[in-house]
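Only one structure is covered here, and it is reproduced in the block below.
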Amino acid sequence: MGHLRGDVETTKAETLPRHQYRDASLPAWRFWLLSVGLCLGLFLSMLDSSIVATSLYTIGAEFESMGLINWVALAYTLTYLSCAVLFARVSDVVGRRNAFLASFVIFFCFSLGCGFSQNLEQLIACRALQGLGGSGLYSITMIIFPEVSPKHLRQHIASLVGMVIASAGVLGPVLGGILTHYTSWRWIFWINGPVGFVSMVVFYLTWPQAKHLPSLQRRTWKELDFVGSFLLVAGSVLVVFSFQNVGSDGDKWHRAIFIVPVTVGVFSFIALVGWETLVARFWDKRVMAAIPIRLLRNHVYVAAMLHTMFLGFPYLLVVYAFPVHLQIVNNKSSLLAGILLLPMLGSVALGSTLGGLVSKNRNLLFETLFTASCFMTLGCGLLTTLSPSVELEPKALGFLTLIGFGFGLSATSATILGTTESEIPDHAAAQGIIAQVRILGGSLGIAASTAILGTHMREELAGVLGPDQLSTITGAGTSLTEAQAMAVRQVRGNTDQLGSLSPKSDFDRRAATTAHQDRDGEEKKGVGSDDARVFNRLNLDKAGWSGFGVR
């Protein structure tokens, strides 16, 4: 069948004589089978970043705990984003194959652990460790592909990788809704077992011999940048944790529980830059910098990195929040909430394909990234025009396709830039950083929107709910009259109209809305004089009452 021979696409590093590099040469059949194993692993790691979006309320209801439910999603993304660069560097020490297989084992074992969890705390712990394996699958895949892909297929492979990344994120809620609706939420984790086993076997059997691989310098454990890795993890986790934590209680904005972590996180990033500058100046030959400072001096790469983070902010937020919004505000089932994301999935696939094709013969990466930003900005802006009514407006699906198309363009182009704008020894770190900042942006989006929406809810409901109810509005046991519950939902819808989508607040609002129905033997209150004042407080007219089923 012949051989596919090619070199890694020309980069600045290839003109430097100090880097000795041998081109990869793989039989065609081996290359494509290896690609299948890599793409399946990448798909699973990205799938689990969003597959719980349509299942979180079901999980919280089973464990009778809504206060911590958002951490089922956030625990995965935090370890996912914080360890991507670290895993990339570890692969320089133990080898790409060994690091990838280790990531698979970690991901596989703790996926099963998630499915067998007996309480929410166990599930959150397993999700965090599952994210550790997922980060390795992501970052190492992004390293291996540029190293083994023939040059004439590079743009097509970049399109394929971008399509897998973007499609998995959108398909997650769809698959999660189907499995939760027809089986059990536990299957959203157990399904990783058979699929992951196939992927791991295919990868192991098709991994090429050393003579077919590029010649890369093997590093040692003592060369790992432990200080830089620690600062990177600390900065990423503490900043996201601060905003997520303050969302549950608006009074925490001025307390040490918010100020201290966010301050330490910001200073960790500042210290990271200072440390990496010292590493580059004094220990460049002895330490593998977690964040090579020469990457940060490359304006094109930094622009691509910031672009990836800022577009990850709304993308992951929408993928998580929109299905939950459909369930809470629009009364859709988890199955339908997932299915309604399929138009977005199609546009993601189209954008990913075009993102690679337009730069096949000419470097149009800047134009592609700019276009991606325009599409996502337009889509997110149009989402703010949706009304807070119970009935879903069909145009919302069109807005989602704009967001999906923009993200598809971005995912492919950022993958290409991560390779072309980095030196060969820095490919691992460059792709790890791109992977990390995308999830960092999404995690910040979820956490920040939780804080904004939580604060807005308390301000709007200050004259509707009593002090005790306001203090427990984020819990599952909040006791509300029917009119108060409707008022909460109305404020929830109005806040979404402003563009602040937040999964956790969705769960809290639904818990508050249904709590009064769970009090066995307690007589439901009608819409009396006190309740009438609630509706007057929110300017709800008769038509608004009808929208909530009140006649």
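The values are calculated or read from the model by the stated rules, or taken from the named source; none is laboratory data. Quick caveat, the model's predicted, so the values are computed rather than measured. Neighbour counts are summed over all protein chains in view; Cβ atoms, including those assigned to glycine, are modelled from backbone coordinates with ideal geometry.
Figure legend. Inter-residue proximity from the range 385-405: first residues in contact (Cβ under 8 Å) with a residue 60 or more places away in the chain and surrounded by 13 or more Cβ atoms within 10 Å (Cβ to Cβ), second residues outside any loop (DSSP other than H, G, I, E, B) and of a type in the set (Asp, Glu), beta-carbon distance below 8 Å, spacing 6+ or different chains. Indicated pairs: Leu386/Asp496; Pro388/Asp496.
To keep it simple, each residue is scored yes or no on (1) of a type in the set (A, V, I, L, M, F, W, C); (2) farther than 21 Å from Thr79 by Cα; (3) in contact with a helix residue (DSSP H, G or I) (Cβ under 9 Å, 6 or more places away or on another chain).
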{"position": "Phe145", "(1), (2), (3)": "yes, yes, yes"}
{"position": "Ile157", "(1), (2), (3)": "yes, yes, yes"}
{"position": "Val170", "(1), (2), (3)": "yes, no, yes"}
{"position": "His181", "(1), (2), (3)": "no, yes, yes"}
{"position": "Gly196", "(1), (2), (3)": "no, no, yes"}
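In the range 443-456, the residues that are on the phi > 0 side of the Ramachandran plot never reach a residue that is in a helix (DSSP H, G or I) and at pLDDT 75 or above with C-beta atoms less than 7 angstrom apart, at least six apart or across chains. Evaluated against (1) assigned to a helix (DSSP H, G or I); (2) surrounded by fewer than 18 Cβ atoms within 10 Å (Cβ to Cβ), Ala372 falls short on exactly one condition, (2).
The number of residues in the range 259-288 that are in contact with a Ser or Thr (Cβ under 6 Å, 6 or more places away or on another chain) and either among the small types (Gly, Ala, Ser) or farther than 11 Å from Gly235 by Cβ (or both) comes to 0.
If the condition is being touching an Asp or Glu at 6+ places or on another chain (Cβ under 9 Å) and aliphatic (A, V, I, L, M), then the range 278-298 contributes Val279, Val287, Met288, Ala289, Ala290, Ile291, Ile293, Leu295, Leu296. Do you know which of the residues in the range 51-65 that are farther than 14 Å from Ile339 by Cα and of a type in the set (S, T, N, Q) is surrounded by the fewest Cβ atoms within 10 Å (Cβ to Cβ)? Only one residue fits best here, namely Ser65.
Screening the range 44-134 for helices (runs of 4 or more DSSP H) wholly inside it with 3 or more residues that are touching a helix residue (DSSP H, G or I) at 6+ places or on another chain (Cβ under 8 Å) and over 22 Å from Gly172 (Cβ atoms) returns the ranges 70-94, 96-115. Based on what the data block shows, is Gly379 of a type in the set (Gly, Ala, Ser) and touching a residue at least 40 places away in the same chain (Cβ under 8 Å)? When the stated conditions are applied, Gly379 does not pass them. Residue under question is Gly172, and the condition is that it be out of contact with any Asp or Glu (no Cβ under 8 Å at 6 or more places or on another chain), assigned by TED's automatic domain parsing to the domain that holds Leu336 and either in contact (Cβ under 8 Å) with a residue 40 or more places away in the chain or buried (at least 22 other Cβ atoms within 10 Å of the Cβ) (or both); does it hold? No, not satisfied. Pairing each residue of the range 133-155 that is assigned by TED's automatic domain parsing to the domain that holds Ala102 with any residue that is buried (at least 24 other Cβ atoms within 10 Å of the Cβ) and among the acidic types (Asp, Glu), provided the two are 6+ apart or on different chains, yields C-beta distances under 8 Å for Gly134/Asp48. Within the range 276-302, the set of residues being among the aliphatic types (A, V, I, L, M) and free of Cβ contacts under 8 Å to residues at least 12 places away in the same chain comprises Leu278, Val302. When the range 102-142 is filtered for residues that are β-branched (Val, Ile, Thr), at pLDDT 90 or above and under 18 Å from the mean Cα position of the chain (by Cα), only Ile124 remains. Of all residues in the range 62-118, exactly one satisfies the criterion of being free of Cβ contacts under 8 Å to residues at least 12 places away in the same chain and aliphatic (A, V, I, L, M), namely Val94. Condition check: touching a helix residue (DSSP H, G or I) at 6+ places or on another chain (Cβ under 9 Å), more than 19 Å from Ala88 (Cβ to Cβ), surrounded by 14 or more Cβ atoms within 10 Å (Cβ to Cβ) and of a type outside the set (Val, Ile, Thr). Does Pro261 satisfy that? When the stated conditions are applied, Pro261 passes them.
Note on the range 145-157: residues that are of a type in the set (A, V, I, L, M) and buried (at least 24 other Cβ atoms within 10 Å of the Cβ) total 1.
Scanning the range 319-329 turns up no residue that is part of a helix (DSSP H, G or I), within 23 Å of the chain's Cα centre (by Cα), surrounded by fewer than 19 Cβ atoms within 10 Å (Cβ to Cβ) and of a type in the set (A, V, I, L, M, F, W, C).
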